Amino acid sequence: MTFRTNLFAGAVALATSAIMATTSFADTVKVGFIGSLSSDTGLSTLRGAEIAIEELNAAGGVLGGKTIELVSADTGEDPTEGIKAYEYLAESEEVDFIISGSIDDVSLGWLPRMVEYQIPTLDTWTSYIGIIDNLVTDYDNYKPYFMNIASDEALATLYIDFGKDVLVDQMGWKSVVILQEDTAFGGAIHGLVAEALAPVAGIEVVDTIVYDVATVDFAPIFSNAQASGADFIYLISSVNSQVVSSQYVKLQVPMGMTGVNVAALGQEYWEDTGGAGGGISTLSPVPSVGFALDPVSQAFVDTYQAKYTSRPKFPHFNGFNAYHGLKQAFAAAEEAGGFNNTSWVDAMLGQDLVLKKDGEMWLRYAFWKPGEIEERTQRTYPHNARFDITAPYDDGAPSMVVIQWNEDGSAGVVYPDKFKTQDFGIPSWVKK
Amino acid sequence: MISKPLLRSLIIWAIFIIGMLLLPKIFALLGFSKGNLRTLIQACYLAIFAMSWDFISGRTGYISFGHPFLVGIGAYTTAILSYRFDVPVMYSIPIAVIVTMIGGTLFFLPALRIKGSYFALVTLAFMELMYQLVQVIRPDLTGGTRGISGIETLTRGAVNGYYLAVSLMLVIAFVLWAILKTRIGTALSAIAMNEESVKGSGLSTTKLKLFAFMVSACVAGIGGAFLAHYNGSIAPRALFDINFLFTIIVAALIGGSSTIIGPMIGAFFLTLLLEKLRPWLPGAERYFVYGGIALLLYMYQPKGLYAIFWQVVDRFRTRRGGQS
């Protein structure tokens, strides 16, 4: 073959592949993922979305046989990067739908961009009630936004019940010393404990010890906590929580400890603490580590664990939210004929996935409708996950559960009673 | 009568300004997505902050590690006024700039007594202090740890946002260039070389430094306030953050410190580099490449991309001269 023939053949091949690429582009629906690609949190949402997309594509595609393509935009958990990431998905990739595994301030950062572009967006991790308040006050602008985790207000309401029912009534604890990490998260949760949980449950906050996230030796901090004379420690830790947890165990601190411990939400917690994580309890959105799963959620976990070998080995709650939420978003798109604003929003509001276990409602993926009032708090939660904060939890999933790790490396749910798999307890070295 | 070098500079400025203003049209003709304009908008704001930093640190030699403190004051002041108190943006932004300049005087006080690494550390403390304060003091106003979302935006769409950002950047750049062309600019540069000699020549270095700090704070305040109204949100982690500080400094250094065009080149180069890497390296790997390229460039030519550009031009001229 001459050089000219080769050149001609190459040009034909290039043109053909370009036409094929254009054709396949037209047959594609683009989903954007926004979140951190290097955190367990972000990866849980991303992987949940990936599995849902694979299943939808394998079932013949969506919207008349189109293939779903996933595009990722990393936020690095930075609010400014979050804005850039949203702009990239909206204007460079021109995605049809966005699924988010962003943390609070990152979501708040890109939210004005969502208002501008009006791209249907589902948040699976952030639970900030302020975002739902935006829908209450300015529904038309914020209506493409959905949050399928219970908002923090609902989470706090049930958590206060735990304080009354378990910490005060069952354990007889009346005073607390708070160990708070010096972060934005620490400050926010401290407010919840000191201003809501403690006063309502009748617990006295005797001291708050703020520690730096780089702390490696917690012995003096635990000594101060003991010296405070409080009945128990309330730990607030999101960064390197495994360090403070393992030292609590190794030092055999003679006081009970509960709280919010982000490391304990993941299956890797036991490994990360070197097997020294027993007795630690934390609140967690559902489904969590130790939470008994319904058959559908269990099948998702099985697929997840067969597909991914790197951490997080077990999806965090937002992985489940992404998996079910993405499928609901496409079911709504099928009804609405695409992700066009108003009709898709109405169709999404109509989605209702009830997951049963042993014949009773276990989890529910549905949304509060605009104007619909939640009985206990007497307020509206438009486009928020339809949670239930009143026993017997037969209208929705609980807004949260409390889980506890045992000294043998197992974990179970200790509150509320319906989902309980074990009793709340104190470690073996703490005297009753 | 305008001198020849000045006339040449003005012509270059005119070409640069026209080129920047025509960019959206050129992008549209080439079929580029609007996402490219969004990237350029972020680059414009970074360029403003880098120019502001360079006006203090590049000119007078007082290395500031707390510049986000000034940017943050501007952003938070206008955000609080407009979002919490419904003050119209046409008032909230000028007030924010004035408040930032007052913040600039606080910034200036340590410069009366200390220099070098001590000054850098004190300014870093300003930033850290502000990071803590906005979370603790009146979170009902500042939005606490989560910041404020839903701040009034001045423009909608990439094209309008670009014209606003690029106009701001160009006006600021031109004004700073004009200041530096005066004797004050020469005196400021002399401070970086030998402050004692400047004092010895009868000039008040205190007044000169105060002037530099005020101008720098004014620019930071303008940039911060307009950025808040472009993004529509602010958060303490986005503004009073060490990464933000390094981005500003790296942009100024990579582009070419002690120049006006240098920080702009650096800001555009780094912002575009990071965003263009995104489709191929969506995760944190982008930052390794970004850091690697920045390091190599800095090692090759510490005076930055601006100096590299002139090296290339000089080589080209020499070669052409040799040929003729």
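Read-outs: derived from the displayed coordinates by stated rules, not from any lab. Here the structure is a predicted model, which is why all the values come from computation and not from measurement. In this analysis, Cβ positions are derived from the backbone assuming ideal geometry, glycine residues included, and neighbour counts consider all displayed protein chains.
The Cα trace of segment B:33-241 gives Rg and Dmax of 17.4, 57 Å, the first to one decimal, the second as a whole number.
Placing dummy labels 7 Å off each Cα toward the beta-carbon, the span from A:V206 to B:K115 is 5.6 nm. Taking 7 Å steps out from each Cα toward its Cβ at A:E335 and B:Q132 produces label points 5.2 nm apart. The residues neighbouring B:K199, those whose beta-carbon lies less than 12 Å from its own, together hold a net charge of 0 under the Lys/Arg +1, Asp/Glu -1 convention.
Beta bridges from DSSP with both residues in segment A:277-432: antiparallel share about 90 percent, rounded to the nearest 5. For A:K174 and A:D394, what is the calculated FRET efficiency with R₀ set at 22 Å and r taken between the beta-carbons, to the nearest 0.05? With R0 = 22 Å, the Cβ-Cβ based efficiency is 0.10. Each Lys or Arg adds one and each Asp or Glu takes one away; over the other residues whose Cβ falls under 11 Å from the Cβ of A:S175, this sums to -2. Shown for chain A are the DSSP H helices of 30 Å or more along their axis, judged by Cα atoms, with a mean Kyte-Doolittle hydropathy of at least 0.0: A:3-26.
Remark: mean inter-chain Cβ contacts per residue of A:108-116 equal 6, using a 10 Å Cβ-Cβ cutoff to other protein chain atoms.
Build a GNM of chain A with springs between Cα atoms under 10 Å apart, and of A:V413, A:V205, A:V31 the one that fluctuates most is A:V205.
Sorting B:E152, A:E195, A:E91 by the number of Cβ atoms found within 10 Å of their own Cβ, with the fewest placed first, yields A:E195, B:E152, A:E91.
Membrane-span-like helices in chain B (whole DSSP H runs, Cα extent of at least 20 Å along the helix axis, mean Kyte-Doolittle hydropathy of at least 0.0): B:4-30, B:35-60, B:89-108, B:116-136, B:158-180, B:205-231, B:261-277, B:285-300.
For A:A58 and B:W280, the FRET efficiency from 1/(1 + (r/R0)^6), where r spans their Cβ atoms and R0 equals 45 Å, is about 0.95.
Based on the alpha carbons, how large is the Rg to Rh ratio for the protein assembly as shown when Rh follows Kirkwood? Show your work: numbers first, answer last.
On the way: Rg = 28.7 Å, Rh = 28.4 Å.
Rg divided by Rh gives 1.01.
Charge tally around A:Y234: other residues with Cβ under 15 Å, Lys/Arg +1 each, Asp/Glu -1 each, net -3. Between A:D423 and A:D302, the C-beta separation translates, for a Förster distance of 22 Å, into a calculated FRET efficiency of about 0.15. Spin-label pair A:K357-B:K207: with each label point 7 Å from Cα along the Cα-Cβ axis, the two points sit 7.7 nm from one another.
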